[in-house]
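Structure first, then comments.
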Amino acid sequence: MIEIRQMQADDSFEELTHLLHTAYAELAEMGLSFTACVQCVETTRHRAAKGVCFLAFEKSTMIGTANLVTVFEDHDPREYREAGVAVLGQFGVAPSYRGRGVGRQLLQVCCDTALYQGFRRLLLDTAEPAEHLVRYYTKHWFRVVGTHQWLDKNYRSVIMAMPLAP
């Protein structure tokens, strides 16, 4: 049985960072410089603090994560700084658990939480060359609404949005 819950004080940022490295490894192999491919524990901690971090567990094994980002910086895409917007970030599932609905469950808890907190749209960005991710998000009701070039990335990102409705 999969348990999805908000990150707690005694959860390990080291374990979360390792999970992110594992979940994003295939993107690194594609030559895409996603932050989660190589980020340090402090970066994981900083990014998790920008919203609500959810974790997925099977028994005591951390198998997935998603961050509902609600705090933005000036360098973030303008779409992220619009009123009523929350952002899905650090979204990943351990490769051996993919295809079992873990990502769908994490996405659902993020949507439910964002809606409860009064947000009207959920946005995300992903590498344009990662066509399999664009297809995954499209399958889950996201639509491309723009592009963005992060200064430290070797790819252009597509910005995708999903309306949240009660």
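The modelled label-to-label distance for the pair residue 74/residue 10, using points 7 Å beyond Cα in the direction of Cβ, is 4.2 nm. Counting only lysines at least 8 places from residue 50 when in the same chain, there are none with an alpha carbon closer than 20 Å to its own. Candidates (1) 11; (2) 64; (3) 30; which is the computed percent of Cα pairs over 29 Å apart? Computing percent of Cα pairs over 29 Å apart and matching it to (1) 11; (2) 64; (3) 30 gives (1).
With kT/(6 pi eta Rh) evaluated at 37 °C and eta = 0.692 mPa s, and Rh the Kirkwood radius from Cα pairs, the stretch 87-166 diffuses with a coefficient of 245 µm²/s according to Stokes-Einstein.
For residue 139, the aspartates and glutamates whose Cα comes closer than 19 Å to its Cα, not counting residues fewer than 8 places off in the same chain, are 112, 125, 128, 131.
Where a number appears in this text, it was derived from the coordinates with a stated rule and is not lab data. Everything quoted here is computed from the prediction, not taken from an experiment. Don't worry about glycine lacking a Cβ; one is built from the backbone with ideal geometry, like all the others, and counts go over all protein chains shown.
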